[in-house]
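The structure appears below as structure tokens.
The values are calculated or read from the model by the stated rules, or taken from the named source; none is laboratory data. A quick note: this is a predicted structure, and the numbers were derived from the prediction, not measured. Note that we place each Cβ from the backbone using ideal geometry, even for glycine, and neighbour counts take in every protein chain shown. When the accessible area is computed, the model is the full protein with side chains, heavy atoms only, and any ligands, DNA or RNA have been set aside. Shrake-Rupley method; radii C 1.70, N 1.55, O 1.52, S 1.80 Å.
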Amino acid sequence: MPTQRSGRKNPVSYTELFVGAHISRMGQQMLRYDLHSHSTASDGTVSPTELIRHAAAQGVDVLALTDHDATTGLAEAEQAAGEAGVTLVPGVEISVTWVHQLLHIVGLGIDPHNAALQRGLEGLREFRVWRAEEIGRRLEKRGIAGVYEGARALAQGPSIGRTHFARFLVAQGLAKDVQNAFDKYLKRSKPGYVPGKWASLNEAVDWIRAAGGQAVIAHPARYTLSASRFRDLLSEFKEVGGVGLEVISGSHPNGATLALSNYAQRYELLASVGSDYHGPGQSRNELGSLPDLPAGCIPVWTEWDVGSRPTAPITQ
Ligand code: AMP
Ligand code: MN
Ligand code: MN
Ligand code: MN
């Protein structure tokens with residue numbers, strides 16, 4: 001498992017990190033990183049074991065499992081990772097409300113046994129259950145019966161979410177695909193949209209740091225923020241102890257990378273890379289099939305120790 005330095009315990013300057021990143025680029029064989037993915041512990045369609053085996057088959061060396069508001073897939077993933085020769089980075093994707101905007105903050109290298117983190121995630125999952133019932137009630141009023149039960153049956157883990165509703169609506173023939181189900185029923189201002197208060201930015205970063213992890217803003221190009229609000233977000237995120245920005249994401253629109261790389265450098269944030277894989281046929285991007293970070297970015301893994309991992313994947 002990578003040992004990581006959180007900003008709080010080991011204050012290493014951005015310049016030192018830059019030099020370190022440069023040396024490791026010169027001296028090491030480049031590993032393939034994918035630091036954002038989902039399993040059946042939240043809204044992915046594959047189990048943690050299947051996810052890890054698929055990552056190995058895709059040539060991923062270092063994979064982060066980052067389920068929504070849940071870490072329950074990590075134990076199984078760790079076991080499978082040992083067998084498959086993949087290095088697992090224990091992660092989580094935390095739902096945050098920041099100035100009326102829903103944001104996702106990824107935590108990388110967390111200790112899933114940390115009590116503060118688990119208390120926080122537990123609260124978010126309780127809200128998810130209430131919200132799921134409320135989505136069910138709202139859609140019921142629109143004449144769609146049994147939606148809550150249907151979504152519940154599709155959610156195999158503790159973190160029920162809108163994707164489970166979307167898949168149920170597709171299975172019922174009420175939407176042509178998951179995207180269409182969001183567009184018709186589940187997006188903001190649609191009948192099944194239930195606004196809610198998730199974690200604050202400060203809380204999410206605190207929980208991640210308490211668990212020894214690094215906080216990274218997930219898929220920043222997906223939020224509909226003006227440039228000035230985005231700058232406010234980056235400043236506030238830094239102030240509360242956030243360290244990274246997903247410069248490359250499988251869920252980004254094309255052409256987002258360069259601007260994000262510039263923001264990462266200007267705000268002295270480390271750069272992360274993640275497919276946001278949710279299972280075969282569920283996401284635009286395959287596990288691990290992501291472009292390299294632009295030169296000048298400092299990878300979030302610069303100080304991770306993944307050199308001693310086993311290198312030969314077990315073929316099955
Ligand atoms: P939730 O956390 O339950 O509100 O669900 C958020 C998840 O729904 C995201 O992580 C995506 O997997 C999925 N999602 C959100 N918006 C869309 C959309 N417009 N189309 C398809 N999937 C979406
Ligand atoms: Mn998701
Ligand atoms: Mn997300
Ligand atoms: Mn995600």
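Residue under question is Ala181, and the condition is that it be away from ligand 4 (no atom under 16 Å from the Cβ), of a type in the set (A, V, I, L, M, F, W, C), modelled with pLDDT of 95 or more and not in a helix (DSSP H, G or I); does it hold? Criteria not met by Ala181.
Any idea which of Glu76, Glu16 is at pLDDT 95 or above and either open to solvent by 70 Å² or more (accessible area, probe 1.4 Å) or more than 15 Å from ligand 4 (Cβ to nearest atom) (or both)? Show your work before the answer.
Details: Glu16 fails: at pLDDT 95 or above.
Unique residue meeting the criteria: Glu76.
Is it the case that Asp69 is at pLDDT 95 or above, at positive phi, crowded, with 19+ Cβ neighbours inside 10 Å and under 14 Å from the mean Cα position of the chain (by Cα)? Let's see the steps before the verdict.
Working: at pLDDT 95 or above: yes; at positive phi: yes; crowded, with 19+ Cβ neighbours inside 10 Å: yes; under 14 Å from the mean Cα position of the chain (by Cα): yes.
The answer is yes for Asp69.
Pairing residues of the range 36-62 that are part of a helix (DSSP H, G or I) with residues that are within 16 Å of ligand 2 (Cβ to nearest atom) and open to solvent by 30 Å² or more (accessible area, probe 1.4 Å), at Cβ distances under 6 Å and at least 6 apart in sequence or on separate chains, gives no pairs at all.
Give Lys197, Lys190 a once-over and let me know the one that is within 14 Å of ligand 1 (Cβ to nearest atom), free of Cβ contacts under 8 Å to residues at least 12 places away in the same chain and open to solvent by 30 Å² or more (accessible area, probe 1.4 Å). Break it down into steps so the answer makes sense when it comes.
Details: Lys197 fails: free of Cβ contacts under 8 Å to residues at least 12 places away in the same chain.
Testing whether each residue is within 14 Å of ligand 1 (Cβ to nearest atom), free of Cβ contacts under 8 Å to residues at least 12 places away in the same chain and open to solvent by 30 Å² or more (accessible area, probe 1.4 Å) leaves just Lys190.
Given the condition within 20 Å of the chain's Cα centre (by Cα) and among the aliphatic types (A, V, I, L, M), answer yes or no: does some residue in the range 136-153 qualify? No: the range 136-153 contains no residue that is within 20 Å of the chain's Cα centre (by Cα) and among the aliphatic types (A, V, I, L, M).
Across the range 79-129, the number of residues qualifying as assigned to a strand (DSSP E or B) and either surrounded by fewer than 24 Cβ atoms within 10 Å (Cβ to Cβ) or touching an Asp or Glu at 6+ places or on another chain (Cβ under 7 Å) (or both) comes to 14. Condition check: surrounded by fewer than 24 Cβ atoms within 10 Å (Cβ to Cβ) and at pLDDT 80 or above. Does His36 satisfy that? No, not satisfied. Here the condition is being at pLDDT 95 or above and either within 16 Å of ligand 2 (Cβ to nearest atom) or β-branched (Val, Ile, Thr) (or both); of Thr311, Thr257, Thr315, Thr224, it holds for Thr257 alone. Select from the range 168-178 the residues that are small (Gly, Ala, Ser) and not in a helix (DSSP H, G or I) and write down the one among them that is surrounded by the most Cβ atoms within 10 Å (Cβ to Cβ). So the residue we want is Ala175.
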